[in-house]
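**Student:** The structure is given below, and queries will be raised subsequently.
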Amino acid sequence: MLVSLRAATAAALLAGCHLLVAGLAGGLLAFEMHALVERPATGVKLAFLVLPAVYVLARAVITLERRGSRSGELPGVPVTAAEQPALWNLVHRLAADVGTRAPDELRITGTVHAGIAEDTRFLGLRVLRRRMFVGAPLLTSLTEKQLIAVLAHELGRYSHTESRLAAVVVSGREAVLRAGSLLDTDRWLQRQVVQLFRAYAKLFLLVSRPVSRRQELAADTRAAHLAGSSAASSALRELPVIDAAWDLFTHRHLTAAWEAGYLPATIFDGFFRLRTSPDLQEELEAVRSAPSEPDRGPYDTHAPLTDRIAAADALDAEPESWGDRPALDLLDDPTPLLDAAVLDTLAPEAAEKERVDWATLNHIGARSRVVHGTERLLNAAAQLMAKPPSLTTVLDALDAGRLGDLGPASSVPGNRTAGPRARREMARGEVLAELAALVALAFSDAGLAHWELDWLGRTTFVTSADDLDIADHLDEAVADHGNTRGLRNALAMAGVAPGYRPTR
């Protein structure tokens, strides 16, 4: 009863927002008219304050209404019922089961997220269009029952089986939170109106919080009864695991060769291999066993994740008659769709990148980073020897006893008057590392070696011959009385061109 009363109060607050603005504007105009009639001179002066205030109030209402609909580009790739009938049929059935309207649009996104967004009027009191977003990583990582639990929860938040006003309140909260962040605050009067709206919004969010929390709990219960407790709790456990794996995948692997102009040809083949990599299982299991709470913001009404898992298990509900195939089987021809969803999250130039297999991508990405790391040494040698930047120029500088001058300026911090020996000692380590990288590039470009990247993000330099161990030659080249003869001979035997310089 108390929750129903709160729902009615919250709905009244939603309706009252526009009435409050209309009342303020009407009151200001009435006051202005009275002033003009009784004291015309004062009325004229007041008009310079009243009319801008009324204009700002009217503009704020118009802004709220316009931005109640999501403008601009929407995330993800839209799919129709004709394109993906199985997924659409599932969503329609779940909407009917939880007691809410089905979405008007279904979009596949490249994020670890499922949710609903609405175009509304009057701060959520009237819903014009409902969209459901389903993350491609979820479709490739969950079973059908687990996906059912996730989607049923999202739809269940808008259920009106217990109280139609509760669903209105949930829509209203989403609309209020979105609108509050979009109002203009450029001028003083606008800031005053925004402060007024935000105070009103905080009151609404406070009153509606118990209603929204009850809807969240009820949505979890419906999800568990539809998918079964086991699938519901395992889905909740798996979401942080998928999120952690996807974060690692996108940051260390997907764009590993972005700067060089490449992307993987098969995105989700790589993600599957990452998730199932033996090297990662211990870390992923740790996330699964002790999931961290996502930062949802101060107005989120989800219960703690551990409480949601425990509640789903406690229900001990048996699933309805669903299959337990991989969720990916719900899609027709999934590869191009999922690929497009991920590309949608990247910069527009992603469409122009060349697509290569994972081994090639990892090699190109690592090589590109190594090339960048050798540029300083090449340029320093070129400046010292007045020759084009190349491996040969670096070796010539070492033979000329310029080791100390090849080091970066930062190798002698605060002591530019250091003697030759001190400069050599301080430069040796960095020059050796950069020279080794430059020689590795030479062998790689000669077809004798390549770089590999494991799914933990560790890079390994792999040679295809047993006679490429040149550590002694490198040490000899950066010795006090450097001699690069051995290194030059090794490079010549490997077929490296005398004037070798790595290209990007």
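**Student:** Under 8 Å for C-alpha pairs, at least 6 residues apart: give me the relative contact order for the chain, rounded to a whole percent. Could the numbers behind the result be given before it?
**Tutor:** Values: 751 pairs, mean separation 73.0, N = 504.
Taking the mean separation of contacting Cα pairs over the length of the chain, I get 14 percent.
**Student:** Something else: Report Rg/Rh for segment 358-493, rounded to two decimals, where Rg is the Cα radius of gyration and Rh the Kirkwood radius. Don't jump to the answer; show the numbers that get you there.
**Tutor:** Details: Rg = 15.6 Å, Rh = 15.7 Å.
Using only Cα positions, Rg/Rh for segment 358-493 is 1.00.
**Student:** Follow-up question, since we're still on this one. For E144, E283, what ranking results if the residue with the fewest other Cβ atoms within 10 Å of its Cβ goes first? Mind dumping the intermediate values first?
**Tutor:** Working: E144 20, E283 15.
Ascending number of Cβ neighbours within 10 Å: E283, E144.
**Student:** Against the longest principal axis of the chain, how steep is helix 40-66, in degrees 0 to 90 to the nearest 10, with axes from Cα atoms?
**Tutor:** Taking the Cα atoms of the chain, the angle to 40-66 is about 70 degrees.
**Student:** Please state the charge dipole magnitude for segment 346-504, taken about the Cα centre, from unit charges on C-beta atoms (+1 on K and R, -1 on D and E), reported in debye and rounded to the nearest 20.
**Tutor:** Details: 17 positive and 21 negative charges, 130 e Å.
Computed charge dipole of segment 346-504: roughly 620 debye.
**Student:** Helix 164-180 against the longest principal axis of the chain: what's the angle in degrees, Cα atoms only, rounded to the nearest 10?
**Tutor:** Roughly 50 degrees between the two axes.
**Student:** Another question, then. With +1 on each Lys and Arg Cβ and -1 on each Asp and Glu Cβ, and nothing else charged, work out how big the dipole of the chain is about its Cα centre, in Debye to the nearest 20.
**Tutor:** Values: 53 positive and 62 negative charges, 550 e Å.
Its charge dipole is roughly 2640 debye.
**Student:** While we're on this one: Quick one: which residues, 5+ away or cross-chain, put their amide H under 5 Å from the amide H of L263? H built at 1.01 Å from N.
**Tutor:** Under 5 Å from the amide H of L263: E354, R355, V356.
**Student:** At 25 °C and 0.890 mPa s, grab the translational diffusion coefficient of the chain from Stokes-Einstein with a Kirkwood Rh over Cα pairs, rounded to a whole number in µm² per second.
**Tutor:** On the way: Rh = 28.0 Å.
The Stokes-Einstein estimate is 88 µm²/s.
**Student:** Which residue, chosen from A166, A440, L403, occupies the Cα position most advanced towards the positive end of the dipole of the chain, where the dipole is computed from +1 (Lys, Arg) and -1 (Asp, Glu) charges on Cβ about the Cα centre?
**Tutor:** Most positive-ward Cα: A166.
**Student:** Kindly write out, for segment 326-333 in residue order, the coupling ³J(HN,Hα) from the Karplus curve 6.51 cos²θ - 1.76 cosθ + 1.60 (θ = phi - 60°), rounded to whole Hz, with x marking Gly and Pro.
**Tutor:** Couplings: x, 4, 4, 5, 6, 9, 8, 6 Hz.
**Student:** To the nearest 10 degrees, how steep is helix 358-385 against the longest Cα principal axis of the chain, on a 0 to 90 scale?
**Tutor:** That helix lies at roughly 60 degrees to the long axis.
**Student:** Dividing the convex hull volume of the Cα atoms of segment 191-242 by its residue count, what figure in Å³ per residue is obtained? Spell out each step's value before the answer.
**Tutor:** Numbers: hull volume 5.3 nm³, N = 52.
Each residue corresponds to 102 Å³ of Cα convex hull volume.
**Student:** Taking the dipole about the Cα centre of segment 358-493, with the C-beta of Lys and Arg at +1 and of Asp and Glu at -1, give me whichever of A479, L456, M493 is farthest to the positive side.
**Tutor:** My answer, from the dipole projection, is A479.
**Student:** Then there is this: Would you calculate the volume per residue, in Å³, of the smallest convex hull containing every Cα atom of segment 270-380? Spell out each step's value before the answer.
**Tutor:** Numbers: hull volume 28.4 nm³, N = 111.
Enclosed volume per residue, from the Cα hull, is 256 Å³.
**Student:** Can you compute the helix-only [θ] at 222 nm over the chain? Use -39500 (n - 2.57) per DSSP H run of at least 4 residues, normalise by all residues, nearest 500 deg cm²/dmol. Could you put the intermediate results ahead of the total?
**Tutor:** On the way: 18 runs with 300 residues, N = 504.
That calculation yields -20000 deg cm²/dmol at 222 nm.
**Student:** Also, quick follow-up: So which GluC sites (Glu not before Pro) in segment 294-392 end up in coil per DSSP with only 16 or fewer other C-beta atoms within 10 Å?
**Tutor:** Values: sites: E320, E349, E352, E354, E375; in loops: E320.
Answer in residue order: E320.
**Student:** ³J(HN,Hα) across segment 226-243 via Karplus (A = 6.51, B = -1.76, C = 1.60, θ = phi - 60°), whole Hz, x for Gly/Pro?
**Tutor:** Taking θ as phi minus 60°, the curve returns 7, 8, x, 4, 4, 5, 5, 5, 5, 5, 5, 5, 7, 4, x, 5, 4, 4 Hz for segment 226-243.
**Student:** Another question, if that's okay. Please list, in chain and number order, the residues 5+ apart from T111 or on another chain whose amide H is under 5 Å from its amide H, with Hs placed from the backbone.
**Tutor:** When sequence neighbours closer than 5 places are left aside, the close amide H contacts are A136.
We did not get these values from a lab; they are worked out from the coordinates using the rules stated. Since we're looking at a predicted model, the values are computed, not measured. Note: ideal-geometry Cβ built from the backbone for every residue, glycine included; neighbour counts use all protein chains shown.
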